Amino acid sequence: MAALPRIAVLASGRGSNLQAILDAIAGGRLDAEVAGVFGDRPDAMALARVAPELAWSRDARGYADRAAFDAEIADAVAASRPDWIVLAGYMRILGDVFLSRFRGRVLNIHPSLLPAHRGLRTHARAIAAGDAEHGASVHFVVPELDAGAVIAQARVPVLPGDTAESLAARVLELEHPLLVGVLRLAVAGRIAERGATVELDGHPLFTPLQLGSTLDPRVLP
Ligand code: GAR
């Protein structure tokens, strides 16, 4: 039997997206294995979701600069021999030191309908902007923050009376199937980054896939 595709996960916090990956693997919905979980905060809950030998963390505050930390986490990630690297609630910007080694294999899940609301506090900003719709995006990671080619999105309505918390919860529920759906495509070798564009099955994707249509894990082979 061929070796399973290996996914390295970078996480800084709770790790519910990591848990969705682990559950999909355990449930036979994602043919892959988690190669390691890598963190910049040793107390992150995400790290405790895998066996200790799969968890790596260092406190990023102990490093002289971003490049020094990025070089060390990049070495650890490389040693896990990943096929894909997923930023699942990883709250540090990754610079060239990291991306020059893994570019084209790094995916991020971001809680907005990119290109809207790059950066932090996306839910509060969507409400403040009066957006009718909000959601999450999975994209290839490039050095510019939240600027890489978008592979897929999930949309939710912004409801009257929504708070940042209620909206975040509605988005998070869809983040999990969104991320797993994209990873199913990734490990099957069906998506690739070509400059600023995503290719799906060798054809350019001019608009992101939408959860609930082609991305729905139940309708994918
Ligand atoms: C998720 O909502 C993810 O989209 C967001 O952090 C949360 C992590 O939740 N990521 C970012 O904001 C990245 N800029 P989790 O730790 O439960 O997966």
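Just tell me, in residue order, which DSSP H segments of the chain are both 30 angstrom or longer along the helix axis (alpha-carbon based) and at least 1.0 in mean Kyte-Doolittle hydropathy.
Helix filter hits for the chain: 164-187.
Return the sequence-ordered ³J(HN,Hα) values of the range 110-125 in whole Hz as given by the Karplus equation 6.51 cos²θ - 1.76 cosθ + 1.60 applied to θ = phi - 60°, using x for Gly and Pro.
Result, ordered by residue: 10, x, 7, 8, 4, x, 6, 6, 5, x, 9, 6, 5, 5, 4, 6 Hz.
If you take the beta carbon distance between GLU144 and ALA192 as r and set R0 to 25 Å, what does 1/(1 + (r/R0)^6) give as a FRET efficiency, to the nearest 0.05?
Efficiency, from the Cβ-Cβ distance: 0.80.
Ranked from the most accessible area to the least, with a 1.4 Å probe and all protein chains present, what is the order of ASP70, ASP23?
Descending order: ASP23, ASP70.
Over every pair of different alpha-carbon atoms in the chain, take the mean of 1/r and invert it; report that Kirkwood radius in Å.
That comes to 17.6 Å for the chain.
Enter the accessible area of LEU54 (Å², nearest 10), with the probe set to 1.4 Å and all protein chains included.
60
What order do you get for 191-203, 38-50 when each peptide is scored by the mean count of other beta carbon atoms within 10 Å, highest first?
Going from most to least packed, we get 38-50, 191-203.
If each of ALA79 and ASP65 carries a label point 7 Å out from its Cα toward its Cβ, how far apart are those two points in nm?
Result for the modelled spin labels: 2.5 nm.
Give the ranking of THR122, THR163, THR207 by solvent-accessible surface, highest area first, calculated with a 1.4 Å probe.
Final ranking, largest accessible area leading: THR207, THR163, THR122.
At R0 = 22 Å, how high is the FRET efficiency between SER166 and ALA132 if r is their beta carbon distance? Nearest 0.05 is fine.
0.90
Would you mind checking which residues have amide H under 5 Å from VAL156's amide H? H placed 1.01 Å from N; only 5 or more apart, or other chain.
HIS134, GLY135
The values are calculated or read from the model by the stated rules, or taken from the named source; none is laboratory data. Because the structure is predicted, anything quoted here is derived from the model rather than measured. Methodologically, a virtual Cβ is constructed for each residue, glycine included, from the backbone with ideal geometry; neighbour enumeration extends over all protein chains shown. Note: areas computed on protein heavy atoms with side chains; ligands, DNA, RNA excluded. Shrake-Rupley method; radii C 1.70, N 1.55, O 1.52, S 1.80 Å.
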